[in-house]
Amino acid sequence: MHFNFTPEQQQFSDALRRWVEKDYTFDHRNKIIQSEQGVSDQAWATLTELGMTALPVPEEQGGFNGSAVDMMVVMHEIGRGLVIEPYFATVLGARFLKLAGGQEALLEQVAGGELKLACALGEKQSRYELFDIATTAKANGGGFVLNGSKTVVVHGAQANQLIVSARSSGGQRDTGGISLFVVPADAAGVTRREYRTLDGHRAADITLANVEVPASALLGKEGTGWDVLDAAADYGATLLCAEAVGAMEALNEATLEYLKTRQQFGVPIGKFQALQHRMAEMFMQLEQARSMATLAAVKISSADAEERRRTVSAAKARIGQALKFVGQQAVQLHGGMGVTNEVQAAHHFKRLTMIELTLGDTDYHLARFAAQPGFRKAA
């Protein structure tokens, strides 16, 4: 199988890396994090100009109809550069719109960079089980009334529209009866409490109090949103796997450079064989993670939902193990400086930690992998 990037994919990668190295430096990023807004309008405009917001959108809506492998290239560079703009949240939201269908106007706005999305899926009791939904959607005349709370909505305060999961029928933990809605972030009854997360990104807890939305806000058919929710969450996990690989790659490079320059007993500490062994193990972890991220990107569009779930969970679990090893080793090899905000390696480590905890951690995906029917048959 041919694993090299196409010329077009390489162009996307090169353009993003040049922008990060020139205009999105570590110091510049820190200023954005400390700003009141927490993101940069200028950086978002650049991502739009480079075609990143249009990449996952169908050609009919002004996009490039990029595949998951195309997106893997972009997310890899996002991870390397520690980009904190709401790109992941927006393209994940666009995936919901694309899978549900009938949202051409919103997809056109995403492609043009005019619309930022956030996915309000998790609740305080649900952890990673996105079917555990207490938020309700009651039919009201020609529309619906939403009530409930969503927690840790990544870039929820920066979004113009929210993708909200709610229960229109069934029990709290049923996969049936789930409906998905597009809700304006400034709609009456929507309250957003914003905060900064461990990795410098922004998130928000969102309360929906008698929020009235029209029937056109419904994504797909009422009560049948689980398949879209499950598939979109797997797509998001695949993007995070690619971002993690980029972050680990940059972390390995920074650690190797540190070992070459930090001296002890009159020689660079990289001369010590024990530390060379650690770097070799970090490299092997990275390459195994890269292979799994590629496999997930290839299989994410599989018509076989079981194969998709199995592959994505295997990738998220394996990459979760790799990022923990690489991150911890990098911090150790940097010494005490490895945990300070003055060193970029610490920020990569924090971002990797948050990726591990987003859309299912290692333990969750190992259990999900083992729960697939194919696993039991093979056993």
ask   = Any idea how far the Cα center of region 317-369 sits from the one of region 169-196, in Å?
value = 30 Å
message = Under 8 Å for C-alpha pairs, at least 6 residues apart: give me the relative contact order for region 213-340, rounded to a whole percent.
response = 31 percent
task = Would you mind computing, in nm to one decimal, how far apart the modelled labels at LYS124 and GLU257 are, each placed 7 Å from Cα along Cα→Cβ?
result = 4.4 nm
request  = Report the residue, chosen from HIS201, HIS28, HIS76, that carries the largest GNM mean-square fluctuation when the chain is represented by alpha-carbon nodes joined by springs under 10 Å.
outcome  = HIS28
request  = Pull up the cross-link candidates among the lysines for LYS350, meaning alpha carbon to alpha carbon under 27 Å and not fewer than 8 places away within one chain.
outcome  = LYS22, LYS31, LYS116, LYS124, LYS150, LYS260, LYS316, LYS324
task = On the full set of protein chains, 1.4 Å probe, figure out the accessible area of TYR235 and give it in Å² to the nearest 10.
result = 10 Å²
request  = Alpha carbons only, please: Rg and Dmax for region 170-210, in angstrom.
outcome  = 14.0, 38
message = Taking 2.2 N^0.38 Å as the expected size of a compact globular protein, what ratio does the Cα radius of gyration of region 236-379 give against it, to two decimals?
response = 1.18
For the chain: accessible area per residue (Å², 1.4 Å) = 44 Å²
inquiry  = Using helices alone, I'd like the mean residue ellipticity at 222 nm for the chain: each DSSP H run of four-plus residues gives -39500 (n - 2.57), total over residue count, nearest 500.
reply    = -17000 deg cm²/dmol
ask   = Which of the aspartates and glutamates could be linked to LYS138 by a straight reach, that is with a Cα gap under 19 Å, when you skip same-chain ones fewer than 8 residues away?
value = GLU123, ASP174, GLU212, GLU222
key: Area of THR175 that stays accessible when all protein chains are in place (1.4 Å probe, Å², to 10)   = 70 Å²
ask   = Stretched out fully, how many nm does the piece from ASP132 to GLN42 gain, at 0.36 nm a residue minus the Cα gap?
value = 28.6 nm
message = How big is region 1-120 along each principal axis, measuring the range of its Cα positions in Å and listing the largest first?
response = 41, 39, 23
query = Using a Gaussian network model of the chain with C-alpha springs under 10 Å, which one of ALA134, ALA303, ALA367 is most mobile by mean-square fluctuation?
reply = ALA303
ask   = Roughly how much of THR224 is accessible, in Å² to the nearest 10, using a 1.4 Å probe?
value = 80 Å²
query = Which one is right for this structure if percent of Cα pairs over 31 Å apart is calculated from it: (1) 44; (2) 31; (3) 36?
reply = (3)
Gyration tensor (Cα) of region 62-204, equivalent ellipsoid semi-axes in angstrom = 26, 18, 15
message = Tell me which DSSP H helices of the chain clear both cut-offs, 24 Å or more of axial length from alpha-carbon atoms and a mean Kyte-Doolittle hydropathy of at least -0.5.
response = 226-261, 273-299, 305-333
task = Work out the FRET efficiency for GLU60 and ALA305 from their Cβ-Cβ distance, taking R0 = 22 Å, and round it to the nearest 0.05.
result = 0.30
request  = Using a 1.4 Å probe and counting only protein heavy atoms, arrange MET52, MET279 so the residue with the most accessible area comes first.
outcome  = MET279, MET52
task = With a 1.4 Å probe and every protein chain kept in, tell me what percent of the accessible surface of the chain is carbon plus sulfur.
result = 52 percent
query = How big is the gap, in Å, between the Cα center of region 237-272 and the Cα center of region 32-106?
reply = 28 Å
key: Solvent-accessible ranking of LYS299, LYS124, LYS316, LYS324, largest area first, probe 1.4 Å   = LYS124, LYS324, LYS299, LYS316
ask   = In nm, to one decimal, how far is the PHE5 label point from the GLN332 one, both placed 7 Å along Cα→Cβ?
value = 3.2 nm
request  = Could you pull the Cα extents of region 136-263 along its three principal axes, largest to smallest, in whole Å?
outcome  = 72, 28, 23
remark   = Judged on accessible area alone, 1.4 Å probe, highest first, ASP27, ASP304, ASP230, ASP205 line up as ASP27, ASP304, ASP205, ASP230
key: Of ILE178, ALA204, GLY189, farthest towards positive along the dipole that unit charges on Lys, Arg, Asp, Glu beta carbons give region 157-229   = ALA204
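The values are calculated or read from the model by the stated rules, or taken from the named source; none is laboratory data. Source: prediction; values computed, not measured. Glycine also receives a Cβ, built like all others from the backbone with ideal geometry; neighbour counts cover every protein chain displayed. Accessible surface is based on the protein model in full, side chains and every heavy atom, while ligands, DNA and RNA are left aside. Shrake-Rupley method; radii C 1.70, N 1.55, O 1.52, S 1.80 Å.
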